[in-house]
Each structure stands twice: as C-alpha cells, then as structure tokens.
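Asker: Would you mind keeping the following structure in view while I ask a few things?
The values are calculated or read from the model by the stated rules, or taken from the named source; none is laboratory data. Just so we're clear, the structure is a prediction, and the values are computed from it rather than from any experiment. Methodologically, a virtual Cβ is constructed for each residue, glycine included, from the backbone with ideal geometry; neighbour enumeration extends over all protein chains shown.
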Amino acid sequence: MKITEFSNLEQSQTDSRPSTRPISASDISCLKIGKNKIEILEKKYNKMLTINIDDIKLMTWIKHEDTYEVTFEYKQKFQDKFFFDLLSGRLGHRALITQIAQDNFNYNYQRLETIKKIQNGEIIKCRKRENNEIFVAKIQRINHFLIERELQINLHIAQNPHENVASIVEYYFENDQIIFIYPYFSGGTLNQLVNSNYKDLSKIKVKTIMKKIFSGLNHIHSLGIIHRDIKMDNIMLEDINDHKSIRIIDFGFSAFKDNLNYLCEKCGTIGYFAPEIINGQFYNQKCDIYSLAQVFHMLLTGNPMFDRNLNRQQIIRLSKNNLFAIDYKNVKESKAQQLLFKMLDFQDKRYDVLQCLEHPFFFKTENLESKIKSVETLKFKSPF
Ligand SMILES: Nc1ncnc2c1ncn2[C@@H]1O[C@H](COP(=O)(O)OP(=O)(O)OP(=O)(O)O)[C@@H](O)[C@H]1O
Ligand SMILES: [Mg+2]
C-alpha cells in the first residue's frame, strides 16, 4: 500500500477500528478523489492520507443514518476504516466505484434468473444482498480484446452519466470473468415494445422515444464515443409506462472515435450497419445515425426496412449500395420521411445528431396550438 503522508501529520493508522462505537463529529473525515488516488483528511487525528487506488482490493460502503462507514481492504491484507458525512460519502462512492473492481460478486449479489445467454457469457437478473435491490449483471469471459474496451467505455460513461444512457454501478473481476452491474430496466427493449403493442405506439410516443434516443446518443458522441451497435435490442425503457425513460445499453462494440485503428473494424448488426462500414471505408459517429434510422423505421411502421424474407447475404448486398425500401404506407408524415432520408444518406451528407434534433419533425405541435390559443386570448383581452 502506498500511503503518502503530508508534512507535520501523524503516523498513518492502518488498524481497523470497531464500527459499532458512537460516532462524533470529530470522527468524520473528508474525502477528495483524484484520478488514481484518494485523499482523506481524518479530522480526529488531523491527518491527511493519500491512498493509491491500485492498492485497494475491496471497499465496503455502509450507509448509516447520517454517515457513511467505509472500509478499504488493501491488497497487502490490512484495512482502514473511515466515516464520511452523507454528501462526501455519496460523492466518493460514485467516483470510486467506477475506479475499483471488486472480486466478490457472489457474496454481494444473489443470482435470480438468466435474462439472456450472450456470445461470451450471460445477462442475469440479481438481487443485491445488502438492500434487496434488483440489478442486472452482464457476465462475460475475459477472452476477447473488445472486453477491455467495453470496460473503459463503461467507466467513462459512469463518470459522465446521462439520463438516457445506461451506466454501470459497479464492476467485478471474478476468476476469468468480468461482471458489469447495471440498474434493472423493467420496461424491456424497443423490440419487445414494438412486438407487444405496435398499434398503440402513437406518433407522439415515437417522437418522444426518438428524441430521447438522440439525446442519449448526443451525449455518447460528445464523450468521443461511437456506439456502433445501435439497434432495437440495445435500447431499453426503464419503465414500460414512461416513454421518456429511454436507456441506450450495450457498449460491447463501442469505440473511442479518436482511435484510428478501430475505425476500419467492421462491426455492428446486419440490417443496421451503415454502407461505409460494410464497404470498409473510414467511418465516423454518423454510422450510429444510419443504424438509428432502422430503429426509427421500426418504430414508425412495426417492420424492418429490409424485408424479413431476405437472407443475410441479400441484406449485406443491399446495405453495401445503400439500397433500402421505406414502408411509405406507414410513414405518411412528410417530416418523418424527410428525417429518415437525412439519416440514411451517404456519410458525407448524412445528418449528425444535432442536425437531427433540430429537424422540424421534432417541433412541438402543442407549442403551435398554445401560440394560437394565446393569440386568440389576446384578441379578446380588454384594453381597459
Ligand atoms: N439493464 C438491463 N435491464 C434489463 N435487461 C437488460 C439490461 N441490460 C441488458 N438486458 C437484456 O439483455 C439483452 C442483452 O444485453 P446486451 O445487449 O448488453 O448484451 P450483448 O452481448 O450485446 O447481447 P446482444 O448480442 O444480444 O446485443 C438486452 O437486449 C436486454 O434484453
Ligand atoms: Mg446487445
């Protein structure tokens, strides 16, 4: 453990102190989180400790009525305990949880059911033993170079959260597995939504959903990340009754846009990926817009843009040449058609997220109505 002491401070305390004793104001410590270190001012001993985050093996945060009791277990087999006030405890917890991997998943969580078997592992529903809250664990074997990238991107997002993007709350390295813990989104995926009640999906709801996806995607892009696998199964609702509660999930194919090496990789899902990806051209964040156009079409029509009877090779051939068939019968609104076209254009001319968000498709009709109403009200207002 690397504990750097500041001048005129006392000897470091590394013994563990009992947690049951009453806590006085002088016990409360202050916490400052740096990139790779934590600085803790222990008021009681007037002592400043700097702890290297890499030296921490495990940490537990116990929330009491108005304090957090935090235990750091170091790789060198001793531990330190501190008390923080609620605010700095909460801030510290959020910052640190994103920097420290743990190795006791089964101790902290009870496995409930498998949601989905995935290529490299499984997605399970689990219960946090400490407070009975339900979470989702994405468990993957560490046998793929993309996993490390998925971790880096998840950490970056967890440190810069957004209401329409899923953020990990913790992660674990256990045996040869990496486990990402996410909040459980009970509303299901957009695929489930469309399959269960496409007929009920009014234009207003589609608009709301699309706006929120764009908003989440704008955040992802502004963090310098390209998602690269935008599709119906990777967009979820936190709450089935709230169409604003969109969350973009799954950063398994995501990449940082500045890393040129990544940007010739061909990845994504057939029927969603942009022509420039299939053609092996140098691409950018606009590939997510093309994939999102497929989602938009599904929401508007209940059907994919590529006929369900086409096989993989046929779809790839069509996507390569940017050939697609819009279901005009179900996309009657001209503004929706125009936006769809802008999202499906070749890379250079294709809209980016902000251009899409500024498209008249998103102009509020209520606003217009309320403007008309207010004009009418004015007309009848007495000047006296
Ligand atoms: N936080 C969550 N809450 C509820 N269900 C989830 C959550 N995260 C993932 N799922 C479910 O698990 C599925 C797969 O998750 P995810 O996309 O992260 O894994 P994946 O390996 O990329 O799978 P795929 O190849 O199907 O995209 C999602 O489509 C969704 O049905
Ligand atoms: Mg997925």
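Asker: Looking only at the range 133-178, which residues are among the hydrophobic types (A, V, I, L, M, F, W, C) and surrounded by fewer than 14 Cβ atoms within 10 Å (Cβ to Cβ)? Spell out how you get there, then give the answer.
Answerer: Going residue by residue through the range 133-178, those that are among the hydrophobic types (A, V, I, L, M, F, W, C) are 134-137, 139, 142, 145-147, 151, 153, 155, 157-158, 165-166, 168-169, 173, 178.
Correct list: Ile134, Phe145.
Asker: Here's something else I'd like to know. Take Gly268 and decide whether it is modelled with pLDDT under 95 and either within 16 Å of ligand 2 (Cβ to nearest atom) or on the phi > 0 side of the Ramachandran plot (or both).
Answerer: Details: modelled with pLDDT under 95: yes; either within 16 Å of ligand 2 (Cβ to nearest atom) or on the phi > 0 side of the Ramachandran plot (or both): yes.
Spelling it out, Gly268 is indeed modelled with pLDDT under 95 and either within 16 Å of ligand 2 (Cβ to nearest atom) or on the phi > 0 side of the Ramachandran plot (or both).
Asker: Same structure again: Which condition number in (1) assigned by TED's automatic domain parsing to the domain that holds Phe253; (2) within 15 Å of ligand 2 (Cβ to nearest atom) is the one that Ile153 fails?
Answerer: Single failed check for Ile153: (1).
Asker: Which of the numbered conditions does Ile142 fail, given that it passes all the others? Conditions: (1) of a type in the set (A, V, I, L, M, F, W, C); (2) away from ligand 2 (no atom under 16 Å from the Cβ); (3) in contact (Cβ under 8 Å) with a residue 40 or more places away in the chain.
Answerer: (3)
Asker: Would you point out which residue out of Leu237, Leu223 is touching a His at 6+ places or on another chain (Cβ under 8 Å), more than 16 Å from ligand 2 (Cβ to nearest atom) and either under 23 Å from His162 (Cβ atoms) or not aliphatic (A, V, I, L, M) (or both)? Steps first, please.
Answerer: Working: Leu237 fails: more than 16 Å from ligand 2 (Cβ to nearest atom).
Only one candidate passes the filter, namely Leu223.
Asker: Sort out which residues of the range 292-315 are part of a helix (DSSP H, G or I) and exposed (fewer than 15 other Cβ atoms within 10 Å of the Cβ), and write them in order of number. Reasoning before the result, please.
Answerer: Keep residues of the range 292-315 that are part of a helix (DSSP H, G or I), which gives 292-301, 312-315.
Residues satisfying the conditions are Arg312, Gln313, Gln314.
Asker: Here is a further query. Condition first: of a type in the set (Val, Ile, Thr) and away from ligand 2 (no atom under 16 Å from the Cβ). Can you find one or more residues in the range 181-188 that meet it? Give the derivation first.
Answerer: Initially, the range 181-188 is screened for residues of a type in the set (Val, Ile, Thr), giving 181.
Imposing the further condition that a residue be away from ligand 2 (no atom under 16 Å from the Cβ) reduces the set to 181.
Looking through the range 181-188, at least one residue is of a type in the set (Val, Ile, Thr) and away from ligand 2 (no atom under 16 Å from the Cβ).
Asker: Of the residues Tyr290, Tyr328, Tyr283, which is farther than 28 Å from Ile249 by Cβ and in the same structural domain as Gly216 (by TED's automatic domain parsing)?
Answerer: Numbers: Tyr290 fails: farther than 28 Å from Ile249 by Cβ; Tyr283 fails: farther than 28 Å from Ile249 by Cβ.
Checking each option against the conditions leaves just Tyr328.
Asker: So how many residues does the range 246-268 have that are assigned to a loop (DSSP other than H, G, I, E, B) and in contact with a helix residue (DSSP H, G or I) (Cβ under 8 Å, 6 or more places away or on another chain)? Even if it seems obvious, please write down each step before you answer.
Answerer: Pass one, the range 246-268, residues assigned to a loop (DSSP other than H, G, I, E, B): 249-254, 257-259, 265-268.
Those still in the list that are in contact with a helix residue (DSSP H, G or I) (Cβ under 8 Å, 6 or more places away or on another chain) too: 249-254, 257, 266-268.
Of the residues in that region, 10 qualify.
Asker: Within the range 203-250, which residues are over 16 Å from Gln192 (Cα atoms) and among the polar types (S, T, N, Q)?
Answerer: Thr208, Ser215, Asn218, Ser222
Asker: Can Lys332 be described as out of contact with any Pro (no Cβ under 6 Å at 6 or more places or on another chain), at pLDDT below 90 and part of a loop (DSSP other than H, G, I, E, B)? Please lay out each step first, then the result.
Answerer: Details: out of contact with any Pro (no Cβ under 6 Å at 6 or more places or on another chain): yes; at pLDDT below 90: yes; part of a loop (DSSP other than H, G, I, E, B): yes.
Here the answer is yes, as Lys332 does meet what is asked.
Asker: Now for a different question. For the condition hydroxyl-bearing (Ser, Thr, Tyr), under 30 Å from the mean Cα position of the chain (by Cα) and over 19 Å from Lys211 (Cβ atoms), what is the one hit in Tyr290, Tyr272?
Answerer: Details: Tyr290 fails: over 19 Å from Lys211 (Cβ atoms).
That would be Tyr272, the only listed residue that is hydroxyl-bearing (Ser, Thr, Tyr), under 30 Å from the mean Cα position of the chain (by Cα) and over 19 Å from Lys211 (Cβ atoms).
Asker: Condition first: surrounded by 17 or more Cβ atoms within 10 Å (Cβ to Cβ) and closer than 14 Å to Ala255 by Cα. Now tell me which residues in the range 224-240 satisfy that.
Answerer: Ile225, Ile226, His227, Arg228, Asp229, Ile230
Asker: Are any of the residues in the range 243-264 away from ligand 1 (no atom under 16 Å from the Cβ), of a type in the set (A, V, I, L, M, F, W, C), modelled with pLDDT of 90 or more and over 26 Å from Lys320 (Cβ atoms)?
Answerer: Looking only at the range 243-264, we keep the residues that are away from ligand 1 (no atom under 16 Å from the Cβ), and these are 243-244, 256-264.
If we keep only those that are of a type in the set (A, V, I, L, M, F, W, C) as well, we get 256, 260, 263-264.
Keeping just the survivors that are modelled with pLDDT of 90 or more gives none.
No, because not a single residue in the range 243-264 is away from ligand 1 (no atom under 16 Å from the Cβ), of a type in the set (A, V, I, L, M, F, W, C), modelled with pLDDT of 90 or more and over 26 Å from Lys320 (Cβ atoms).
Asker: Taking the condition of being closer than 20 Å to Phe105 by Cα and in a strand (DSSP E or B), how many residues in the range 157-199 meet it?
Answerer: So the answer is 12.
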